[in-house]
Structures are given as C-alpha cells and as structure tokens.
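These notes are about the structure you will find just below.
The values are calculated or read from the model by the stated rules, or taken from the named source; none is laboratory data. What you see is a predicted model; the values in this text were computed from it and never measured. So basically every Cβ, Gly included, is an ideal-geometry build from the backbone, and we count neighbours across all protein chains shown. With ligands, DNA and RNA removed, areas are computed over all heavy atoms of the protein, side chains included. Shrake-Rupley method; radii C 1.70, N 1.55, O 1.52, S 1.80 Å.
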Amino acid sequence: GNSVTQMEGPVTLSEEAFLTINCTYTATGYPSLFWYVQYPGEGLQLLLKATKADDKGSNKGFEATYRKETTSFHLEKGSVQVSDSAVYFCALRANNNDMRFGAGTRLTVKP
Amino acid sequence: DVKVTQSSRYLVKRTGEKVFLECVQDMDHENMFWYRQDPGLGLRLIYFSYDVKMKEKGDIPEGYSVSREKKERFSLILESASTNQTSMYLCASSSGRRVKNIQYFGAGTRLSVL
C-alpha cells in the first residue's frame with residue numbers, strides 16, 4: 001500500500017543552522033507529494049508541494065525536490081530561525097485519492 | 001482564504017458519554033475528512049466524505065461515526081467515549097478528486113476522555 005516514512009525526531013538546531021528532514025515514500029503510480037507544518041497549538045498548514053518527478057516545491061526558504069528514482073522528498077532549509085520551530089509532516093496523495101501522512105518530525109530551533 | 005473551523009479547541013468528557021465534534025468549511029469543498037493525531041503515529045484517517053450524505057471508512061473507523069447533512073458541515077460522533085479516544089482530532093477539506101489538490105486543516109480539537 002501507499003506509505004510515507006520520515007526521519008524520527010526530535011531535531012534540535014541552533015539558529016542559522018542547515019536543516020534536512022528526510023522523507024521517503026512508497027506508492028503506486030504517480031503521487032503528489034506535500035510537506036505540511038504544524039505550529040504549536042494549531043492545525044496543519046501546507047508548506048510546499050510537488051506534483052511530478054523533478055519538481056521542486058519551495059516556500060518561506062524551505063525546499064523539497066520530488067525524486068522518483070530514490071522515492072524521496074527531503075525537506076531542506078539553509079538557515080533556520082527560532083520561528084521555524086514546529087512539527088513537520090511529509091505526505092503523499094496517490095492516484096486513487098488515498099492520502100498518507102508521515103509520523104511527523106518535531107523541530108526545535110534555539111537562539 | 002479557505003477557512004476550516006472546528007467548534008471546540010479543547011473538550012473534556014467522561015467515559016461512556018456521547019461526543020460530537022463539529023467541523024465547518026466555507027469554500028464549498030466537496031471532500032471532508034476526520035483524522036486523529038497521536039504522538040509517533042502521525043495522522044490517521046477515521047472517516048471521509050466526498051459529498052453530502054456520503055461517507056467512507058478510513059483506516060480506524062471503529063468507535064466512531066460521522067454525519068454530513070450539509071455540504072459545509074462534517075460531524076464526528078463518538079457514540080460512547082472511551083479513554084483510548086483521548087487524542088487530537090483534525091478536520092480537513094479539499095476540492096474535487098485531482099491528485100494535486102490540497103487538504104486544508106482546522107486548528108484541531110484536543111479531546112480528553114476521563
């Protein structure tokens with residue numbers, strides 16, 4: 001079946017450090033891939049998405065590239081800020097409309 | 001902007017009570033979803049609906065039911081709440097059936113069953 005695996009947290013970084021959160025997926029066909037972010041006390045918000053192979057999604061300094069050959073969609077940011085502290089979810093939506101989320105990775109950025 | 005509103009941010013209920021969680025969206029979306037979020041497990045789909053009066057079971061429907069009498073409203077019902085239903089519940093909506101369509105989420109309801 002369809003599934004998403006993302007790196008376990010928590011991740012703790014200092015401000016201005018480089019961030020990578022790994023995400024790999026299993027799916028039939030050609031899924032769309034998403035990163036959602038959940039700030040403390042809030043619901044999930046879409047951070048970025050990519051709908052076909054080699055697409056790069058980007059938003060707020062975050063980037064992720066849809067790599068079909070490695071079935072990956074790793075999230076990166078060159079310089080994190082304290083305000084980036086949140087839980088990040090990788091997700092896919094498969095051709096059969098099945099939506100799957102990863103377990104979430106908690107990021108804490110310290111000043 | 002799409003707005004998905006969940007009626008309560010926090011609820012405390014007793015074992016055996018009947019619990020209603022309400023969700024309203026204002027963008028005329030066809031699809032609505034209920035998830036529960038638990039640490040280390042991510043989001044798990046309870047029920048979803050593609051149209052008024054239609055409902056489909058998700059991955060963990062046991063102990064829950066849903067109601068969609070109007071397009072904008074999707075209710076999650078715990079017929080007899082149990083302590084293992086203590087969780088964060090998230091409602092979402094989306095339009096159409098296209099694979100790239102985004103789900104929009106409410107702020108969540110944190111339910112504690114004592």
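The table below gives the values:
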| quantity | calculated |
| --- | --- |
| Residues (open to solvent by 50 Å² or more (accessible area, probe 1.4 Å) and over 13 Å from B:Ser67 (Cβ atoms)) located in the range B:11-27 | B:Val12, B:Lys13, B:Arg14, B:Thr15, B:Glu17, B:Asp26, B:Met27 |
| Hits in the range B:28-43 (condition: out of contact with any Ser or Thr (no Cβ under 8 Å at 6 or more places or on another chain), within 9 Å of chain A (Cβ to nearest Cβ) and open to solvent by less than 70 Å² (accessible area, probe 1.4 Å)) | B:Tyr35, B:Gly40, B:Gly42, B:Leu43 |
| Test for B:Glu72: is it open to solvent by 80 Å² or more (accessible area, probe 1.4 Å), under 14 Å from the mean Cα position of the chain (by Cα) and without any contact (Cβ under 8 Å) to a residue 60 or more places away in the chain | no |
| Subset of the range A:1-28 [of a type outside the set (Val, Ile, Thr), open to solvent by 50 Å² or more (accessible area, probe 1.4 Å) and under 11 Å from the mean Cα position of the chain (by Cα)] | A:Met7, A:Asn22 |
| When residues of the range A:29-56 are limited to those that are more than 8 Å from every other protein chain (Cβ to nearest Cβ), small (Gly, Ala, Ser) and without any contact (Cβ under 8 Å) to a residue 24 or more places away in the chain, the one most open to solvent (accessible area, probe 1.4 Å) | A:Ala53 |
| Filter result (within 14 Å of chain A (Cβ to nearest Cβ), assigned to a strand (DSSP E or B) and either out of contact with any Phe, Trp or Tyr (no Cβ under 9 Å at 6 or more places or on another chain) or open to solvent by less than 30 Å² (accessible area, probe 1.4 Å) (or both)) within the range B:88-114 | B:Met88, B:Tyr89, B:Leu90, B:Cys91, B:Ala92, B:Ser93, B:Ser94, B:Tyr104, B:Phe105, B:Thr109 |
| Residues that are open to solvent by less than 10 Å² (accessible area, probe 1.4 Å) and of a type outside the set (A, V, I, L, M), drawn from the range A:57-71 | A:Gly57, A:Phe62, A:Tyr66 |
